[in-house]
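Here is the structure we will look at, set down as structure tokens.
The values are calculated or read from the model by the stated rules, or taken from the named source; none is laboratory data. Treat the numbers as computed from the prediction; the structure is a model and nothing was measured. A quick note on method: Cβ atoms are made from the backbone with ideal geometry, for glycine too, and the neighbour counts reach across all protein chains shown. Ligands, DNA and RNA are excluded from the accessible area calculation, which covers all protein heavy atoms including side chains. Shrake-Rupley method; radii C 1.70, N 1.55, O 1.52, S 1.80 Å.
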Amino acid sequence: MALLSPVSLSTSSSETSIVPSIYRKLSVLPTVVVRSFPSHTIKKSRTQINYVAYVQPHDINRPRSSIRSTSFNVEGTGSTTSLDEEVIIDTSWTEASIKLPLPLFETQSSNSGAPTDDSASLSIAVIGATGVLARKKIFPALFVLYYSGQLPEKIGIFGYSRKILTEEDLRAIIAPTLSCRIDHQENCEEKMDAFLKRIFYLYGGYDNQEGMSKLNTLMEEVEGKFGANRIFYLSVPQEALDDVASSLAEKAQTQRGWNRVIIEKPFGLGSFSSHQLTTSLLSNFEEKQLYRTDHLLGRNTIENLAVLRFSNLVFMPLWNQSYIHNIQVTFSEELGMQTSARYPKGYGILGDVVHSHIFQTVALLAMEPPVTLDDEDIRYEKVKVLKSIRKLGSSDVILGHSKADSGSNFKDVENLMPTYFGAVLHIDNARWDGVPFLIKAGRGLKKNRVEIRIQFRRVPGNIYRKDGGGHMQDLVTNELILRDVPDEAILIRINNKIPGLGMNLEVSELNLLYKDKYNVDVTDSYEQLLHDVIDGDNHLFMRSDEVEAAWNILSPVLSELDNNNVTLEHYEFGSKGPDKAGNLWAKHGVKWLDD
């Protein structure tokens, strides 16, 4: 058994060492049980406890001895308390219960490290709890984690907003959004009731300093006096983000565990505002406390990129400019999503999808193998790619606007936000020299499709140019397709002989369709990302230098937009996008394969 530094029981004649048990599930006595972990400080509190420990007698030769101490020294604090009963011990590391009349001892840690012990509570505060995102995505994802056993037993969920509600009001709003998936139907109603009872609400008012102070008080009441870890999900408008973040940093962080802050995209409304926001955040938090989230990065397809690349030898030697001709990244939605109203002060789809989702996808596709799977090692490789991407010039970009978008109701048509982004990226490094990365991101298009297509180079010296009848036939270039929407799949396009006489070839697809292969419900991206935050895994979240590098790639385009030097190409709702996008692909010798 691993031993801890002993805490001393002082007696009139000697000191007897008490070594707390570690990593053991101790039964809860009439009050509570404290466990200590290595390298943490034991401190006083004001609640009576029973302390369960292994006790080693001072005189190892005596078969039994007893302790009736006048003082209990808390190592490293200089404080003492009294025992109120005799404790009998023997020489064989007997488990003993020591009842202390006043203090509750608990572990302390830094604000941003790992949990101090496995009895620590977890508090999750959703700031902006009555908004659409919180109601439709955040609370349902938390419930899924709760009923699947991914949340600790000591969990409290706190809603915070400027709407005057009671806790019962909030629970009534949330309840209809909760559902049990097929694989967790057992006792579904009971789990829902238990989850809703763990939800608390606080009206924050319009003074965030005062509101966060009240939130801290409420959280402390629910947490009790054990170690407590906290997550703050900031589901608030961009203009409120800075004040909310600074107020919670000052008034609502726990001092008895770690604090983590989730920030929703967009991360600023351009390079300058993003830099200001980053500066403000880093003045209040450490980088490792910040989780800049884009729900699209929580999709299984994104998680699978590194697995596909670095665990399959068949792909590793091909992943470079010698074998790959081009890479196409598509984000296509049918609905207009009211994009102009959604980004009144931003850059439309550039800030919502391109800056985070598209560039992060490209970074994961193009990065060098990380030293380990540690989140910082992965982020280090991603930022190297982002810094290697050439700044976008106007000749490599097509911006468009759907005529059916709600923004078409605006009288000032010059201020419409882009709903379509087509571009060709160039990565200036040895692996990707000369390989165009084609990007198409748009809303109001003809189909819902999110996928990555990797088109390989042609086979040199086509010996199958003529078929059995002497007719010319071309080999199709091989493709690897990673599809997320509509149906998650991995496809490989190959040339294949048609059975029968003669040498006739056709294109075939090797198809791994997830819904046929895996009989499980697909995890929602919010569930995945919240799970990662709880685990302290931030490799799918953008670090400050990644945010800056991504805005830097877009900076020439944003400057042209600011100076009204860019004309948005209008396209019909339900079409494939602006007609001029085809010219952009053709300029680089590429046909957009999805067209």
Across region 288-325, the tally of residues that are of a type in the set (A, V, I, L, M), under 28 Å from residue 124 (Cβ atoms) and either at pLDDT 95 or above or not in a helix (DSSP H, G or I) (or both) stands at 1
Reported set for region 241-252 where residues are closer than 22 Å to residue 542 by Cβ and open to solvent by less than 30 Å² (accessible area, probe 1.4 Å) is 241, 244, 245, 248, 249
(1) farther than 21 Å from residue 558 by Cβ; (2) touching a helix residue (DSSP H, G or I) at 6+ places or on another chain (Cβ under 7 Å) all hold for residue 269 apart from (1)
Filtering region 245-263 down to residues that are touching a strand residue (DSSP E or B) at 6+ places or on another chain (Cβ under 6 Å) and of a type outside the set (Phe, Trp, Tyr) yields 248, 253, 254, 256, 257, 259, 260, 261, 262, 263
Out of (1) part of a strand (DSSP E or B); (2) open to solvent by 10 Å² or more (accessible area, probe 1.4 Å); (3) out of contact with any helix residue (DSSP H, G or I) (no Cβ under 6 Å at 6 or more places or on another chain), the one residue 260 does not meet is (3)
Reported set for region 381-403 where residues are of a type outside the set (Lys, Arg), surrounded by 15 or more Cβ atoms within 10 Å (Cβ to Cβ) and assigned to a helix (DSSP H, G or I) is 381, 383, 385, 386, 388, 396
Of the residues in region 441-465, those that are part of a loop (DSSP other than H, G, I, E, B) and either out of contact with any Phe, Trp or Tyr (no Cβ under 8 Å at 6 or more places or on another chain) or polar (S, T, N, Q) (or both) come to 446, 447, 448, 458, 459, 460, 461, 462, 463, 464, 465
Restricted to region 276-335 and to residues being among the charged types (D, E, K, R) and more than 30 Å from residue 260 (Cα to Cα), the residue least open to solvent (accessible area, probe 1.4 Å) is 309
So for region 326-334 (the condition being under 16 Å from the mean Cα position of the chain (by Cα) and within 23 Å of residue 447 (Cβ to Cβ)), does at least one residue qualify? no
Considering residues that are out of contact with any helix residue (DSSP H, G or I) (no Cβ under 7 Å at 6 or more places or on another chain) and assigned to a helix (DSSP H, G or I), the number found within region 216-240 is 10
Per the list (1) at pLDDT 95 or above; (2) over 19 Å from the mean Cα position of the chain (by Cα), residue check on residue 120 breaks on (1)
Okay, helices (runs of 4 or more DSSP H) sitting entirely in region 517-595 with 1 or more residues that are touching a helix residue (DSSP H, G or I) at 6+ places or on another chain (Cβ under 9 Å) and aromatic (Phe, Trp, Tyr), I get 525-535, 544-562
Checked region 347-368 for anything assigned to a loop (DSSP other than H, G, I, E, B), modelled with pLDDT under 95 and on the phi < 0 side of the Ramachandran plot; matches are 347
**Asked** in a strand (DSSP E or B), within 22 Å of residue 582 (Cα to Cα) and either of a type outside the set (Gly, Ala, Ser) or touching a Lys or Arg at 6+ places or on another chain (Cβ under 8 Å) (or both): does that describe residue 438?
**Response** yes
Flagged in region 434-449 as buried (at least 22 other Cβ atoms within 10 Å of the Cβ) and aliphatic (A, V, I, L, M), in numbering order, are 438, 439, 441, 445
For region 133-159 the number of residues that are more than 18 Å from the chain's Cα centre (by Cα) and hydroxyl-bearing (Ser, Thr, Tyr) is 2
Taking region 507-545 and keeping only residues that are basic (Lys, Arg) and either under 20 Å from residue 365 (Cβ atoms) or in contact with a Cys (Cβ under 8 Å, 6 or more places away or on another chain) (or both), one is left with 543
Scanning region 486-528 for residues that are within 30 Å of residue 150 (Cβ to Cβ) and of a type in the set (S, T, N, Q), the one most open to solvent (accessible area, probe 1.4 Å) turns out to be 519
